[in-house]
Amino acid sequence: MSRAGAPLKGRAGRLARLMPSASPSSAARTPFVLLVVLLLGGGLITLLLLNSALNEGSFRLSELKRDTTELTDEQQALQRDVDSYSQPGALERRARELGMVPGGSPAFLDPDGTVRGVPTKATAPPPSPSPTPTPSPEPTPEDGAQADEARAGVPSPTPSGTATPTPGAAAEPEPEDAPAPENTPATPPPTTPGR
C-alpha cells in the first residue's frame with residue numbers, strides 16, 4: 001500500500017519538483033486577471049466615447065442638412081425675385097418710374113466712319129391721364145345758412161338746381177361751384193363679395 005506522506009521517487013519526484021506549489025500559482029494569475037479586466041473596461045469606455053462622438057456627428061449633420069434646405073429655399077425665393085424684376089414689362093415700368101424714355105431708331109457707324117441710318121432724338125410720350133379722386137362734399141357755411149333759411153321759412157333750392165321765386169324777392173343765380181343739395185342721394189360705397 002502506499003504511504004500518503006512519503007516522498008516520491010524517481011520520475012514522479014522530478015516532475016513534482018518542476019511543478020510549482022499551489023500558493024505561487026494563484027499569485028501568478030492575479031496580474032493576468034487585472035490586465036484582462038483593464039483591457040475590457042478600456043474597450044467599453046472607448047466604444048462609449050466613439051458612439052457618443054458618432055451621435056454628436058449625426059446631430060450636427062442633420063442640423064447642417066436642415067440649414068442647407070432653408071438656404072436653398074431662400075436662394076430659390078431670391079432667384080424668383082430677380083427673375084420677376086428682370087422681365088421686360090417690369091424693366092420698362094421701372095425705367096419709366098425713373099424718367100427714362102424709349103430710344104429712337106438707332107444709327108450705326110461703319111468702319112470707314114460713315115453713318116448708316118438716321119439718328120433720332122428720344123422723346124417722352126405724353127403722360128397718360130391718371131384718374132383723380134372725387135372730393136367728398138363737406139359742409140360749408142352756405143349749407144348752414146340754407147338750414148337757417150329753412151327754419152326761418154325761406155324755401156330752399158329744388159334738387160334740379162333752380163330756386164322757386166318768392167313773391168317780392170329777386171332770384172339769385174346759383175354759383176357753379178356750389179355743392180350739391182343734401183337731398184340728392186350719394187352713390188353707395190362699393191361692396192366686396194363675401195363681406
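The values are calculated or read from the model by the stated rules, or taken from the named source; none is laboratory data. Note that the structure is predicted; figures quoted are calculated from it, not measured. When we count neighbours, we look across all protein chains shown, and the Cβ atoms used for this are built from the backbone with ideal geometry, even at glycine. With ligands, DNA and RNA removed, areas are computed over all heavy atoms of the protein, side chains included. Shrake-Rupley method; radii C 1.70, N 1.55, O 1.52, S 1.80 Å.
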Go through A124, A90 for me and flag whichever is modelled with pLDDT under 90 and either open to solvent by less than 100 Å² (accessible area, probe 1.4 Å) or not in a loop (DSSP other than H, G, I, E, B) (or both). A124
Within the stretch 41-85, how many residues turn out to be closer than 30 Å to A124 by Cα and either touching a residue at least 12 places away in the same chain (Cβ under 8 Å) or open to solvent by less than 70 Å² (accessible area, probe 1.4 Å) (or both)? 1
